[in-house]
Amino acid sequence: MFRGILCVFIFMSFELSYSQEWSYSFIDTSGHQLANPMIKFDADSNPHVLFEDHTDNILKYATLSNNDWIINNIDALEYYSDFTIDSQGGLHIISMSNSTILRYFYISGSMVSEDTIIYFGNTFTGPSMTLDSEDQPHIALNYAAPGGDYLIHYYFRQGNLVADSIEFINGYGGHTDIEITDSDSIIISSAYDVNDTGKVVICTKGIGNWNCDQIYSGRVSGDISMILDANDRPHIAFNVDLLNNRATVFYGYNDGQWHISNVTDTLYNPATKVRIGIGPSPVPHIAFYSYEIFRQFLIHVYRIGDQPWVIENIEPPGFRGGSVDFDIDLYGISDFVYLTSAHWLKFARRISVDAIRDDHFNDIELSSIQAYPNPFNSATTIMLTGAEQAEIGIYDITGRLITTLHTVGGQALWDASGCSSGLYFARLAGEKASSIKLVLVK
């Protein structure tokens with residue numbers, strides 16, 4: 001039966017999207033043994049990537065500058081578990097060694113200015129980290145104890161490390177994820193294997209004590225990811241084993257109560273690196289990696305409102321590689337990093353036009369202006385209806401004017417060869433102005 005389901009998916013996967021909304025580049029093509037790529041946006045929506053180089057036994061840090069990736073080495077580290085970027089651009093990193101030692105590092109520029117042992121002792125799993133409103137790190141993990149695992153929260157108070165024991169679970173802990181609301185309430189999600197079944201637990205703490213709720217019971221695979229939307233509502237994604245080591249991805253959100261649903265009807269081998277992000281509106285996006293005997297899947301799914309989930313291949317059928325991570329900026333642009341079969345580190349950007357929050361242009365009519373091609377690579381022709389000569393402003397997603405064009409015969413050519421990939425707007429001047437979204441993909 002499951003062989004038939006798999007065959008259906010393989011056939012359907014050829015119909016999944018691989019469109020001009022995607023752009024691709026390589027970050028590292030050294031051929032070294034690379035592992036564990038992660039990506040985060042800073043406050044200015046610039047992507048930052050960390051990954052491990054097991055050939056040179058160092059951690060590498062990549063940033064994007066004028067469409068070129070700049071790679072620096074962080075010599076003090078070889079492995080890491082999570083990282084985040086503070087409001088000043090500093091890197092906060094937690095690094096796990098032999099599943100018994102967890103260290104915290106703060107890096108400003110290329111210098112390690114803080115190195116603290118967070119945990120040393122019994123085996124632990126699934127560490128995660130976030131920052132509070134004062135850029136102070138908070139870390140969650142599960143550590144092994146006789147008969148089960150303890151869920152622990154670590155944080156710094158007046159320069160001293162504090163351990164906050166949250167809950168004892170009669171089972172084995174998997175991954176955790178931790179987020180902090182704008183009011184500094186802490187939310188931790190964790191997945192557990194309990195007596196050959198499992199559960200997902202959400203723990204919250206405001207001013208008072210911790211409160212933990214079980215939101216799902218079933219065979220979870222251990223990987224879990226959580227994000228907060230603009231209203232501080234948590235959204236999660238996690239793996240569920242259904243039968244015979246076949247799994248699917250579940251999604252949940254809380255609007256006063258938890259709603260848990262299956263994302264795909266297709267059964268995969270248990271996915272690794274399940275990751276969730278939230279675009280404007282909000283639009284949930286989930287990425288995960290799975291594999292079969294002869295092929296591998298790098299999947300991105302998203303849903304707008306109550307519409308069905310849209311399933312896309314990040315790479316076309318036949319891809320071989322793995323280990324995916326992604327982040328979404330304020331405007332709905334998703335950046336992915338993942339490894340190819342040649343151990344190259346690849347970057348993919350998805351410009352989700354439907355999810356863009358164009359607050360600067362929400363009072364504009366969208367009828368009398370067109371562009372072709374769109375999406376485009378370096379230049380596009382903007383065409384007007386009912387006007388021979390007019391002035392057109394080109395704006396970026398922040399509303400900043402990039403250039404002004406003047407039409408001749410109702411047309412104007414925009415040469416965007418000096419601009420970065422992304423979303424732009426062409427706006428016709430006038431009281432009843434029209435505009436169009438332009439997608440530049442290089």
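The values are calculated or read from the model by the stated rules, or taken from the named source; none is laboratory data. As the structure is a computational prediction, the values presented were derived from the model and not from experiment. Cβ sites come from the backbone with ideal geometry, for glycine too, and all protein chains shown count toward neighbours.
Worth pointing out:
- Residue selected from the range 289-309 under the condition more than 20 Å from residue 47 (Cβ to Cβ) and in contact with a Lys or Arg (Cβ under 7 Å, 6 or more places away or on another chain), by the criterion modelled with the lowest pLDDT: 296
- Top-ranked residue in the range 23-55 [being among the acidic types (Asp, Glu) and in contact with a strand residue (DSSP E or B) (Cβ under 8 Å, 6 or more places away or on another chain); ranked as modelled with the highest pLDDT]: 28
This table checks each residue for (1) crowded, with 20+ Cβ neighbours inside 10 Å; (2) at pLDDT 80 or above; (3) among the aliphatic types (A, V, I, L, M); (4) on the phi > 0 side of the Ramachandran plot.
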residue: 328; (1), (2), (3), (4): yes, yes, yes, no
residue: 353; (1), (2), (3), (4): no, no, yes, no
residue: 393; (1), (2), (3), (4): no, yes, no, no
residue: 404; (1), (2), (3), (4): no, yes, no, no
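- Scanning the range 355-374 for residues that are assigned to a loop (DSSP other than H, G, I, E, B) and at pLDDT below 85 returns 356, 357, 358, 362, 363, 364, 366, 367, 368, 374.
- Residue list for the range 225-237, restricted to those being surrounded by 15 or more Cβ atoms within 10 Å (Cβ to Cβ) and either at pLDDT 90 or above or at positive phi (or both): 225, 226, 227, 228, 233, 234, 235, 236, 237
- Residues that are over 24 Å from the mean Cα position of the chain (by Cα) and buried (at least 21 other Cβ atoms within 10 Å of the Cβ), drawn from the range 79-124: 118, 119, 124
- Candidate set: the range 172-188, residues that are in contact with a Gly (Cβ under 9 Å, 6 or more places away or on another chain) and part of a strand (DSSP E or B); chosen: the one farthest from residue 253 (Cα to Cα): 172
- Check on residue 211, modelled with pLDDT of 80 or more, more than 24 Å from residue 311 (Cα to Cα), loosely packed, with under 14 Cβ neighbours inside 10 Å and under 20 Å from the mean Cα position of the chain (by Cα): no
- Only one of the numbered conditions (1) of a type in the set (Phe, Trp, Tyr); (2) modelled with pLDDT of 90 or more; (3) within 25 Å of residue 25 (Cα to Cα) is not met by residue 80, and that is (2).
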